[in-house]
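Step one of this worksheet: look at the structure below.
The values are calculated or read from the model by the stated rules, or taken from the named source; none is laboratory data. All of these numbers come straight from a predicted model, not from anything done at the bench. When we count neighbours, we look across all protein chains shown, and the Cβ atoms used for this are built from the backbone with ideal geometry, even at glycine. Ligands, DNA and RNA are stripped out before the accessible areas are found, and what is left, the full protein with its side chains, is counted by its heavy atoms. Shrake-Rupley method; radii C 1.70, N 1.55, O 1.52, S 1.80 Å.
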Amino acid sequence: MKRRVLFLCTGNSARSQMAEALLRSHAGELFDVASAGTSPESIDIRTFAVLKRMGLATDGLRSKSIDEFRGQQFDFVITLCHKARQECANFPDAGEQIAWDFADPKSKEGVASFEITLRELSERIKVFTLVQAPAEKAAP
């Protein structure tokens, strides 16, 4: 049975979308992955650009409110910014809450900050997957 992961940030327009796409790509067979925002807004087009450039699927990505997931059980709720961590400090129905703090790439012009965030998220998600994967899946 797949474990459920919810990535949260403020706008659900960059960081959490990248994290959702990355975890699906790295370990979609192990995890059911979703993302949401505390104040959702449209997905930044630079998010789609860097995901596609890295060869990651963007099908089905859409900005969602955290309210869409209220009452659902998650094994992991991972916040990706300080504001989401504060607003969701006690997310009900979360088995484990994890706080990762990534700077908002939208605060800078161009795509370089998005590429950096995507690389950093990719490294963190690889470690998360290695730690959380069943032993038979984690072995090389």
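How charged is the neighbourhood of Pro40? Take every other residue with its Cβ under 10 Å from the Cβ of Pro40, and add Lys/Arg as +1 and Asp/Glu as -1.
Around Pro40, the surrounding residues sum to -1.
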Helix-only [θ]222 nm of the chain, DSSP H runs n ≥ 4, -39500 (n - 2.57) each, per residue, nearest 500: -11500 deg cm²/dmol
Longest span of the chain, sites excluded, free of GluC sites (Glu not before Pro) in DSSP loop with at most 10 other C-beta atoms within 10 Å? 30-108
Counting Lys and Arg as +1 and Asp and Glu as -1 over every other residue whose Cβ sits under 11 Å from the Cβ of Gly28, the net charge comes to -1
Can you tell me the convex hull volume per residue for the chain, based on C-alpha atoms, in Å³ to the nearest whole number? 104
Just need log10 I(q)/I(0) for the stretch 1-57 at q = 0.26 Å⁻¹, Debye formula, equal scatterers on the alpha-carbon atoms, no solvent, rounded to two decimals. -1.01
Accessible area per residue, Å², the stretch 1-135 with all protein chains present, probe 1.4 Å: 49
What does the charge count around Phe114 come to, taking other residues whose C-beta lies under 13 Å from its C-beta (Lys +1, Arg +1, Asp -1, Glu -1)? +2
Given DSSP loops and a limit of at most 14 other Cβ atoms within 10 Å, what is the longest stretch of the chain that contains no such trypsin sites (Lys or Arg not before Pro)? 3-61
